[in-house]
Amino acid sequence: MANFDRDDVELLASETAWQGFFEVRRLTLRHRLFAGGWNQPIKRELFVRGAAVGLLPYDPQRDEILLVEQFRVGALGRETSPWLLELVAGIIDSDESPQQVARREALEEADLQVAAMEPVAEYYSSPGGSDEYFYLYCGRCQLRDAGGLHGLHGLPGEGEDIRAQVYSFAEAMQMLDGGKITNAHSLIALHWLRQHRSRLREAWQ
């Protein structure tokens, strides 16, 4: 059985098809076939997103999580609301490590300090058309009384309008099971927390 890698793809051409808030590149390439040989050159558009980070803030003592709510243009075509409940998240656009980005975004989006982090997963968000690679973490945070964290956050200069909200673990699981969480990184992180919650509460006390 063939085990293909990056050397089994030949990039013949790459050009910018569109440039705005994001970039779309037009690629011409060919790759090896499972049956042997190479395919004919094909053209693909690639949505350039790069690497991103998501953080699920969790307070093991209060058994609470924090989610942020904001408008998402990708959900505009659905019949449901385009305001989504999500993790704290951001794009890696500098020399920062994924962990540094997670801590910075926690401050910007929820005024949170992260005491410790544990990796949840790494994955391509939508590799059929985008290069976005996601680093996902769960972070130990002290979620203050609701009045201290419920509020608006984000950077107005970047068009961010973010509302941070604290939920009990039970409430979060009800939203998860009831289909109220509809984005991949939040689904993955909350299912992970359900599996690892007891261990985290013991280790992070």
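Summary of computed values
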| quantity | calculated |
| --- | --- |
| Condition met for residue 61 (at negative phi, open to solvent by 20 Å² or more (accessible area, probe 1.4 Å) and not hydrophobic (A, V, I, L, M, F, W, C)) | yes |
| Candidate set from the range 52-66 (those that are hydrophobic (A, V, I, L, M, F, W, C) and in contact with a helix residue (DSSP H, G or I) (Cβ under 7 Å, 6 or more places away or on another chain)); member that is nearest to residue 21 (Cα to Cα) | 53 |
| Hey, residue 103 in a loop (DSSP other than H, G, I, E, B), within 25 Å of residue 173 (Cα to Cα) and of a type in the set (Lys, Arg) or not | no |
| Among residues of the range 81-120, those that are in contact with a helix residue (DSSP H, G or I) (Cβ under 6 Å, 6 or more places away or on another chain), surrounded by fewer than 18 Cβ atoms within 10 Å (Cβ to Cβ) and under 17 Å from residue 49 (Cβ atoms), counted | 1 |
| Candidates 157, 147 - the one that is modelled with pLDDT under 95, within 30 Å of residue 22 (Cα to Cα), more than 16 Å from the chain's Cα centre (by Cα) and surrounded by fewer than 12 Cβ atoms within 10 Å (Cβ to Cβ) | 157 |
| So residue 67, is it at pLDDT 95 or above and closer than 20 Å to residue 182 by Cβ | yes |
| Where a residue in the range 12-35 is farther than 18 Å from residue 132 by Cα and its partner, wherever it lies, is open to solvent by 70 Å² or more (accessible area, probe 1.4 Å) and part of a loop (DSSP other than H, G, I, E, B), with Cβ under 8 Å and at least six apart | 12/41; 28/41; 29/41; 30/40; 30/41; 31/4; 32/4 |
| Count - residues of the range 17-58 that are part of a strand (DSSP E or B), out of contact with any strand residue (DSSP E or B) (no Cβ under 6 Å at 6 or more places or on another chain) and under 26 Å from residue 90 (Cα atoms) | 1 |
| Filtered residues of the range 121-134 (kept if open to solvent by less than 50 Å² (accessible area, probe 1.4 Å), farther than 28 Å from residue 62 by Cβ and touching a Ser or Thr at 6+ places or on another chain (Cβ under 9 Å)) | 132 |
| Test: residue in the range 135-143 that is open to solvent by 50 Å² or more (accessible area, probe 1.4 Å), out of contact with any Lys or Arg (no Cβ under 7 Å at 6 or more places or on another chain) and either in a loop (DSSP other than H, G, I, E, B) or of a type in the set (S, T, N, Q) (or both) | yes |
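The values are calculated or read from the model by the stated rules, or taken from the named source; none is laboratory data. Everything quoted here is computed from the prediction, not taken from an experiment. Reconstructed Cβ throughout: ideal geometry from the backbone, glycine too, with neighbour counts over all protein chains shown. Keep in mind that these areas ignore ligands, DNA and RNA; they rest on the heavy atoms of the full protein, side chains included. Shrake-Rupley method; radii C 1.70, N 1.55, O 1.52, S 1.80 Å.
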